[in-house]
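The values are calculated or read from the model by the stated rules, or taken from the named source; none is laboratory data. Everything quoted here is computed from the prediction, not taken from an experiment. Ideal geometry is used to build each Cβ from the backbone, glycine not excepted, and the neighbour counts take in all protein chains shown.
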Amino acid sequence: MTANSLKPQVHGIFDRATWTVTYVVYDQEGGACAIIDSVLDYDPKSGRTRTDSADKVIAFVKEKHLTVDWILETHAHADHLTAAPYLKSKLGGRTAIGDHITTVQQVFKGIFNLEPGFATDGRQFDHLLKDEEHFAIGALEAQALFVPGHTPACIAYVIGDAVFVGDTMFMPDVGTARCDFPGGDAKTLYRSVKKILNLPQDTRLFMCHDYPPNDRPVSFETTVGEQRRKNIHVHDGVSEEQFVEMRTKRDATLEMPVLILPAVQVNIRAGDMPPKDDNGVAYLKIPVNAL
Ligand SMILES: [Fe+2]
């Protein structure tokens, strides 16, 4: 094992429209990389997509002469559409998500009354990762860590000394992710967060989002130690019962994300649009009083 295999290079690209951070994680310039949680720009007013955010990722990958091994999702996002198919068409790589995505596909196939041919076995992705499954990104050793709670299928990625936490925790002054989507559960999230916070104190943690309060600059990197000392929801000393009470009360006040309906429909298809109607246009559905 070399120093490179333990200390990945991490480049975060922040999308201001959805507060999402896309990461390019690589072993060295000219080496191999994974792209985590990409964004396809989507305008809900016009129904049009753009690739400005994804093109920034492509520019970075090309600038560093990287080969894309993996295009990873931490979960089926509710706040943005993934650009995985676009990135794969431009850069190659294999798409992957946690194997419990099948549960999410089953739930939303029902909610959206999707076409009978919509498969709920995860086949839309190139690979489904099991809990604690190891995989390689060039010289880097990576492992999937099952961290449900925000959704029933969330995965964090442990890559060397870095963990990409998805929607479990946010920066210490923001707290944790909501647990009120279908299949979400606050008690489960607490246990998932503790799994991450039991890693060594100097483990680098990379957030999937930042929602900076009080005009502080956007930031998305912290450590296990800092979260244990300062995270407003899950610092050391907060019990599971206290957390569940806080999270449940807070979730009851939150509106649905602006893009949840289009995002979920596209993301459970690994980023593909629904099949086109006979006029050649793909349509997204709005279920009325069903979510
Ligand atoms: Fe999310």
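For this structure, a couple of remarks:
- Some residue of the stretch 242-253 being of a type in the set (Val, Ile, Thr) and within 20 Å of residue 159 (Cβ to Cβ): no
- When the criteria are applied in full, residue 173 meets the requirement of being more than 16 Å from the ligand (Cβ to nearest atom), over 12 Å from residue 206 (Cβ atoms), modelled with pLDDT of 95 or more and out of contact with any strand residue (DSSP E or B) (no Cβ under 8 Å at 6 or more places or on another chain).
- Failed item, numbered, when residue 189 is tested on (1) within 16 Å of the ligand (Cβ to nearest atom); (2) assigned to a loop (DSSP other than H, G, I, E, B): (2)
- Failed item in (1) surrounded by 23 or more Cβ atoms within 10 Å (Cβ to Cβ); (2) more than 13 Å from the ligand (Cβ to nearest atom); (3) of a type outside the set (A, V, I, L, M, F, W, C), with residue 194 passing the rest: (1)
- Every residue from the stretch 68-104 that is more than 18 Å from residue 179 (Cα to Cα), among the aliphatic types (A, V, I, L, M) and out of contact with any Phe, Trp or Tyr (no Cβ under 7 Å at 6 or more places or on another chain): 68, 71, 83, 84, 87, 91
- Near pairs, Cβ below 6 angstrom, 6+ apart or cross-chain, from the stretch 253-272 (farther than 13 Å from residue 285 by Cβ) to any residue that is β-branched (Val, Ile, Thr): 267/82; 270/95; 271/82
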